Amino acid sequence: MLPDFVVWNASPELFSIGPLTVRWYGMMFAVGFLLGYNILGRIFRHEGAPEKWLGILLMWVVGATIIGARLGHVFFYEWSYYSQHPLEILYVWEGGLASHGGTIAIILAVILFSIFTTRRNPIWTFDRLVIPIALVGGMIRLGNLMNSEIFGTATTLPWGFMFLRSREWHMLYEGQACHPTQIYEALCYFALFALLMWMYWRKNAEERPGLIFGVFLIGIFLPRFLIEFIKNDQVDFEADMVLNMGQLLSIPFILAGVALVIYAMSRPKVKLSFPNRFADETPQTSGKR
C-alpha cells in the first residue's frame with residue numbers, strides 16, 4: 001500500500017560544474033522566461049507588432065521582476081531588519097522575494113515601455129504579456145517546491161508532504177505532513193495560463209481591451225488569497241493578523257481585476273487585423289531600374 005503522505009527530500013540543486021551550482025529554482029525561472037518569450041513572440045507576430053519590441057520588453061520585465069520582488073519583500077515583510085542592514089538588500093541569492101512587489105514593478109515597467117517604445121495604451125501590452133506570465137508564475141512555484149519552501153500548515157490529507165530538507169518543517173511540524181501549497185498555486189497558475197491562451201487564440205478576447213488583464217489579476221490573486229489561509233506566516237508580525245500581508249496585498253489586485261473585466265465587457269469590441277508576421281520596420285528599397 002502507498003503511504004498516506006509524500007516524503008519530499010528532493011535536492012534544490014540541479015547540477016554542479018566546479019564552483020558553479022545550478023539550482024532548480026533558477027532553472028525554472030529561466031525556462032519560464034524562455035517559454036514566455038516564445039509565446040509572446042508568436043502573439044506579436046500574429047498581430048504584426050515589431051519584433052524588436054520583444055527584446056526591449058523582456059529586459060524591462062526581467063529587471064522589474066527581480067528588483068520589484070526583492071524590494072517588495074524588503075518593504076512589505078522585513079523592513080525592520082533591512083532598514084538596519086541596507087547592504088543586505090542586494091543579497092538576492094539569499095532568498096526573500098515577494099510576488100506582489102514584482103507585480104507592482106512589472107506594471108510600472110509596462111507603463112514606461114508603452115511610453116517610450118510602443119506609444120500605445122499600456123492595456124495593449126498587459127493583455128498580451130500576462131498570458132506567458134501566468135505560465136512563468138506556475139514554474140516559479142515549482143521552483144519553490146524544489147527548494148522545500150513556502151509550504152502550508154499540517155494536514156492529514158493523503159497528498160500531504162513531509163519536507164525533510166526544510167529547517168522550518170523540522171522546527172514546526174516534525175513527523176507531520178503539510179499542505180504542498182506550492183503545487184496548489186502552480187496548478188492554479190497553469191490552469192489560468194490555459195484559460196488565457198484559449199481566450200486569446202479561440203475567443204479573440206484581445207478585442208475587448210482589459211479583459212485578459214482583468215481575468216489574469218483575478219486568476220492570480222484570488223487563489224493566492226484563498227491558499228494563504230493554509231500557508232505558514234512568512235514573518236512573525238503576521239501571527240496576530242486576521243488576514244496576513246499576502247492577503248491584504250492581494251485584495252487591491254482582485255478588485256482591479258473585477259473592475260477591468262466589467263469595463264471591458266461594457267465596451268464595444270475593437271476590431272483588429274492579424275497579418276501573422278512581424279511588422280516591417282525598415283522600408284524596402286526597390287532594385288535599380
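Below are the figures for this structure:
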| item | result |
| --- | --- |
| Hey, residue 13 touching a Lys or Arg at 6+ places or on another chain (Cβ under 9 Å), over 30 Å from residue 118 (Cβ atoms) and open to solvent by 80 Å² or more (accessible area, probe 1.4 Å) or not | yes |
| Among the candidates 97, 90, residue that is within 18 Å of residue 244 (Cα to Cα) and of a type outside the set (Val, Ile, Thr) | 97 |
| Options 248, 226; residue that is under 20 Å from the mean Cα position of the chain (by Cα), open to solvent by 60 Å² or more (accessible area, probe 1.4 Å), among the hydrophobic types (A, V, I, L, M, F, W, C) and under 23 Å from residue 157 (Cα atoms) | 226 |
| Residue match in the stretch 209-219 (condition: open to solvent by 50 Å² or more (accessible area, probe 1.4 Å), in contact with a Lys or Arg (Cβ under 7 Å, 6 or more places away or on another chain) and within 16 Å of residue 126 (Cα to Cα)) | no |
| Residue within the stretch 138-156 that is farther than 20 Å from residue 9 by Cβ, part of a helix (DSSP H, G or I) and not β-branched (Val, Ile, Thr) present | yes |
| Residue pairs meeting the criteria (Cβ under 9 Å; at least 6 apart or on separate chains; first under 18 Å from residue 236 (Cα atoms) and touching a residue at least 24 places away in the same chain (Cβ under 8 Å), in the stretch 144-173; second part of a strand (DSSP E or B) and among the charged types (D, E, K, R)) | 150/231; 151/231; 152/231; 153/231 |
| In the stretch 231-245, residue farthest from the chain's Cα centre (by Cα) [restricted to those that are of a type outside the set (D, E, K, R) and under 30 Å from residue 126 (Cβ atoms)] | 243 |
| Residue among 206, 238, 281, 185 that alone is modelled with pLDDT under 95, open to solvent by less than 20 Å² (accessible area, probe 1.4 Å) and charged (D, E, K, R) | 238 |
| Yes/no for residue 125 being assigned to a loop (DSSP other than H, G, I, E, B), in contact (Cβ under 8 Å) with a residue 12 or more places away in the chain and of a type in the set (Val, Ile, Thr) | no |
| Failed criterion for residue 153 (all others in (1) open to solvent by less than 60 Å² (accessible area, probe 1.4 Å); (2) within 25 Å of residue 197 (Cα to Cα) hold) | (2) |
| Qualifying residue in the stretch 40-50 (condition: open to solvent by less than 60 Å² (accessible area, probe 1.4 Å), closer than 25 Å to residue 143 by Cα and out of contact with any strand residue (DSSP E or B) (no Cβ under 9 Å at 6 or more places or on another chain)) | yes |
| Tally of residues being open to solvent by less than 50 Å² (accessible area, probe 1.4 Å) and either among the aromatic types (Phe, Trp, Tyr) or touching an Asp or Glu at 6+ places or on another chain (Cβ under 7 Å) (or both) across the stretch 188-197 | 2 |
| Selection within the stretch 156-175 - surrounded by fewer than 20 Cβ atoms within 10 Å (Cβ to Cβ) and among the small types (Gly, Ala, Ser) | 166, 175 |
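The values are calculated or read from the model by the stated rules, or taken from the named source; none is laboratory data. Note that the coordinates shown come from a computational prediction; the quantities given were computed from them, not determined experimentally. Virtual Cβ from ideal backbone geometry, glycine too; neighbours counted across all protein chains shown. The protein model used for the area step is the full one, side chains on, heavy atoms only, and it has no ligands, DNA or RNA in it. Shrake-Rupley method; radii C 1.70, N 1.55, O 1.52, S 1.80 Å.
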